[in-house]
Amino acid sequence: MKCSPFSRRRRDKLVPANDGPPIRRDAFHEDEPILDDDDVADDGSPIYNRVPVMQMSSASLCRMMAYLTSHPPERAVALLGPKDHDAVTHVLIDESGHATSASFTLGHVFLNEKLRLYTAAGLDVKGIGHSHPAGCCWPSLGDLHYVAKCFAADREQSLVTFLLPIIVGQRLFPYIVYRDHPNAAQIAQVVLF
């Protein structure tokens, strides 16, 4: 699995992360401006692109893409990363989920058993990457219902965002869902490290 669609991103420009250190901004064309003329505050300071950021290690993106593009649609992986950070560093393949041609049910017993090992190592779930059939490049109502149930089950309200990347064919459509708007998904930009 080659990750060549991401080889043209700009690595020389930085934007601030959400209350964190600067991170690299993806630009899919070398001539794409980092800031537009109207992206400047009254005091002249730049206002950075407000497209949500999905941070992933290159290895986790390649593992997710390799699995989801080599199987028929309606498969899923859990996206994991350090508890104190938004980045995805690990991918857990759902080997026991049930797929039909139009839906997928997570193998929650298998996943929960494996997730206990990851949480003991300081990782937590950041979201679910999954594949859809051709022509469906956005989260389904079932997807958003599942995310809303995840937010509702989080009694401590530590889950603020839920990553929901969708793979259709060989293409990645990265979405993020926020706790305060669980019925809407926002397209995101992927930042690799």
Among (1) open to solvent by less than 80 Å² (accessible area, probe 1.4 Å); (2) aliphatic (A, V, I, L, M); (3) closer than 20 Å to Ser57 by Cβ; (4) free of Cβ contacts under 8 Å to residues at least 40 places away in the same chain, Leu117 falls short only on (1)
Picked from segment 72-94 (must be in contact (Cβ under 8 Å) with a residue 60 or more places away in the chain and closer than 21 Å to Gly142 by Cα), the residue surrounded by the most Cβ atoms within 10 Å (Cβ to Cβ) is Leu79
Hits in segment 149-186 - residues which are in contact (Cβ under 8 Å) with a residue 60 or more places away in the chain, hydrophobic (A, V, I, L, M, F, W, C) and out of contact with any strand residue (DSSP E or B) (no Cβ under 6 Å at 6 or more places or on another chain)
Val168, Leu172
Report the residue count in segment 155-193 for those that are among the aliphatic types (A, V, I, L, M), at pLDDT below 95 and open to solvent by 20 Å² or more (accessible area, probe 1.4 Å).
5
Condition check for Phe151: open to solvent by less than 30 Å² (accessible area, probe 1.4 Å) and over 20 Å from Ser60 (Cβ atoms):
yes
Whether any residue in segment 116-138 is aromatic (Phe, Trp, Tyr), on the phi < 0 side of the Ramachandran plot and in contact with a Leu (Cβ under 6 Å, 6 or more places away or on another chain) is what I want to check.
yes
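The values are calculated or read from the model by the stated rules, or taken from the named source; none is laboratory data. Computed from a predicted structure; not experimentally measured. Cβ atoms come from the backbone with ideal geometry, glycine included; neighbour counts cover every protein chain shown. When the accessible area is computed, the model is the full protein with side chains, heavy atoms only, and any ligands, DNA or RNA have been set aside. Shrake-Rupley method; radii C 1.70, N 1.55, O 1.52, S 1.80 Å.
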